[in-house]
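In what follows, a single structure is set out as structure tokens and then discussed.
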Amino acid sequence: MADTLSHKLIAAHLIDGEMTPGSEIALRMDQALLQDVLGTLVMLELDAMGLDRVRTDPSVQYIDHTLIQQDHINADAHLFLKSACERLGVWYSGPGNGISHPVHMERFGIPGQSLVGCDSHTTAAGALGMLAIGAGGIEVAMAMAGEPLYLPMPEVIGVHLEGALPDWVSAKDIILELLRRHGVAGAKNCILEYHGPGLASLDAMDRHVLANMGTEMGATTSVFPSDEVTREFMRSRGREADWTPLAADPGCRYARLEHIDLSALEPLIALPSSPDKVVPVSEVAGEPLYQAYIGSSGNPGFRDFAVVAEIVKGRSVAANVSLDINPSTRQVLAALIAEDHLTALVEAGARLHQPGCNGCIGMGQAPAAGRNSLRTVPRNFPGRSGTLEDSVFLCSPETAAASALTGVITDPRTLAMPCPHPREPSDMTTRESWFVPPLPSEQAHKVTLLATDNTPSLPPIPPLPTRIEAPILLKSGDNVSTDDIMPAGARVLPLWSNVFASAEHTFEALDPGYVARARERGEAGHAIVGGDNYGQGSSRENAALVPRLLGLQLVVAKSIARIHWQNLPCFGVLPLTFTDPADYDRLAPGQTLVIDDLPDQLAAGGEVRARLDGKPLVLAHELSPRQVAILFAGGVINWLRGRSTPSSKEAKA
């Protein structure tokens, strides 16, 4: 039987379960990726589990989000994370090395291996032919402890590419076209598998753009073949020995098939404030511009910066525009210097920032309120930029650069110049000295964690009660993101490792009174009602953990984004959906939901019978027996402690 590449990768890592779409499968994870703001919670969770040394190899901790050191908090967190790496056997990539996803591809990515990361854009490594999946930090911690990663078996959507991109159109326009067609939930519980003759014209970092932003469609991951393009990428990084060819079988069948003629695409742009509000750039041309932002994991390749440098070379950025350059990795920055592109950018009036996530997550480069910002980042959720009243557009580097020159949103095809086609240097080798390798185990156990007041131990989570009687404290609309639940930005993001401090900011943009009402209700518990695609976006587990510590017991929504749906039971919160979407209109804040005999109902099947102010309401769940056991244990950590299995030290012996 002819198999897709996705099915081959899953089968090679399958520990348990049937490869039937929707059923729970368990996968062995070869590698693990941590970024700093969510990795801190992972390290605290591993410490709570009593783990002596991680099992995934390599496991890598990146410092790429918390780079603004306006006080001691972020710097202290870096020291804590470095000490945790030394103690647990994890590689450490310090401040300045760059964004986890492109750095991991450059230094650690291996075709055919599996990767789990506590960042939703971990999927970017699918550009190398990896099975790369973003997950909540607690599930990453479990995988690092040697447990499988559990998830619903995805369907595989084939994306057939043909033709070649015309001038002034690049990889960002391809993924924006898919978002235009299918929206932010169009690939939920699916893998996007790219194939076809058009792939030959896309280099590895072009593929990274597509694999990264497949997450914005709700995809479990994206997969590319490992071909000669992949081989060249790894050769230029001095790692050709790690390359292996991988491809789907000829004649394989996909659950769905998407066709894109690359030659027919035009420059596209996503309007504020959702990645799927996509229109041709020509439709909004002439709108005033405040900022053009180049960088992030959404466009991290050398050419994404070099093409901007060649567009602005010898010219000047418009007086009213801030052209912000955020190099993705130390290696890319070094190459831009060596090729003299950095000089062109600086002389044109660009502002240079350190390699890292930076403004993508609201850590600096926040735009002026209500002013248009064109960004090559993957997301433009409201307020994510660090400015509550922001107006962020998503676009290609070509569109951002053209607009920076003219001072208004500009279709780059209208520039009176030939389209540049810069090529990546043949040598892009990273230096070993940029990374701190794991300590030998005989030294690691002597290391003391450098905990601070901002890295307190996680508080215990009580088991979910067998009978829920919970008032609805908040009702939201569609596409609520984890940014809406737990804000990012320079003000709140440094507090993410401190669940007590970050709790004060929960839902602050959507409902400033939520925290006070939740505290008043206390341990008696409450419920939240959501619309479609509740919890989309980032994998941040504190969007589930912190509301649980505020008393959240139950989320009822039209649909719940995959990672958030998995995070909720990991912290003892019951996720349910409406059997009839029209019932959403029946629910309102102040009403009370009652569910009796909860263990029996969850065990009996997918239907859950509840009462809304005494009137019948039928809801549904898709939880596996394992997830149900986790719920009634009070979350994953309690569940792991309660299992009658050998300790990590015994298992290692």
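Which one of 111, 154 is surrounded by 24 or more Cβ atoms within 10 Å (Cβ to Cβ) and either within 22 Å of residue 191 (Cα to Cα) or modelled with pLDDT of 95 or more (or both)?
Criteria check complete, one pass: 154.
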Within region 67-108, take every residue that is among the polar types (S, T, N, Q) and surrounded by 19 or more Cβ atoms within 10 Å (Cβ to Cβ) and give me the one that is nearest to residue 297 (Cα to Cα). 100
Given 279, 332, which one is of a type in the set (A, V, I, L, M, F, W, C), outside any loop (DSSP other than H, G, I, E, B) and surrounded by fewer than 17 Cβ atoms within 10 Å (Cβ to Cβ)? 279
Cβ-Cβ below 8 Å, separation at least six or inter-chain, first residue in region 343-361 and assigned to a helix (DSSP H, G or I), second loosely packed, with under 15 Cβ neighbours inside 10 Å: which pairs? 344/314; 345/352; 346/352; 348/314; 348/316
Under 8 Å by Cβ, and 6 or more places apart or on different chains, what pairs join a residue from region 482-509 that is in the same structural domain as residue 385 (by TED's automatic domain parsing) with one that is of a type in the set (A, V, I, L, M) and buried (at least 24 other Cβ atoms within 10 Å of the Cβ)? none
Take the conditions part of a loop (DSSP other than H, G, I, E, B) and under 30 Å from residue 231 (Cα atoms) and apply them to residue 433. Does it pass? no
In region 603-621, the residues that are modelled with pLDDT of 95 or more and not in a strand (DSSP E or B): 621
Region 151-168: number of residues that are more than 15 Å from residue 207 (Cβ to Cβ), more than 25 Å from the chain's Cα centre (by Cα) and not in a strand (DSSP E or B): 4
With a cut-off of at least 1 residues that are of a type in the set (S, T, N, Q) and either under 18 Å from residue 464 (Cβ atoms) or at pLDDT 95 or above (or both), name the helices (runs of 4 or more DSSP H) lying wholly within region 508-571. 562-570
Take region 411-435 and flag every residue that is closer than 15 Å to residue 167 by Cα and modelled with pLDDT of 95 or more. 411, 412, 413, 414, 415, 417, 418, 419, 420, 421, 422
Which residue out of 210, 192, 268 is surrounded by 24 or more Cβ atoms within 10 Å (Cβ to Cβ), hydrophobic (A, V, I, L, M, F, W, C), touching a Ser or Thr at 6+ places or on another chain (Cβ under 9 Å) and over 26 Å from residue 423 (Cβ atoms)? 192
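Of 368, 401, which residue is surrounded by fewer than 17 Cβ atoms within 10 Å (Cβ to Cβ), within 27 Å of the chain's Cα centre (by Cα), closer than 19 Å to residue 351 by Cβ and of a type outside the set (S, T, N, Q)?
368 is the lone residue from the list that is surrounded by fewer than 17 Cβ atoms within 10 Å (Cβ to Cβ), within 27 Å of the chain's Cα centre (by Cα), closer than 19 Å to residue 351 by Cβ and of a type outside the set (S, T, N, Q).
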Selection from region 362-399 of residues that are touching a Gly at 6+ places or on another chain (Cβ under 9 Å), under 26 Å from residue 38 (Cα atoms) and not in a loop (DSSP other than H, G, I, E, B): 375, 394
Residue that is more than 30 Å from residue 3 (Cα to Cα) and crowded, with 20+ Cβ neighbours inside 10 Å, where the choices are 314, 286, 295, 238: 295
Please tell me if residue 294 is over 15 Å from residue 173 (Cβ atoms), assigned to a helix (DSSP H, G or I), touching an Asp or Glu at 6+ places or on another chain (Cβ under 8 Å) and not assigned by TED's automatic domain parsing to the domain that holds residue 168. no
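The values are calculated or read from the model by the stated rules, or taken from the named source; none is laboratory data. Keep in mind that what you see is a predicted model, and the values were worked out from it rather than measured. Backbone-built Cβ (ideal geometry, glycine too); neighbour counts: all protein chains shown.
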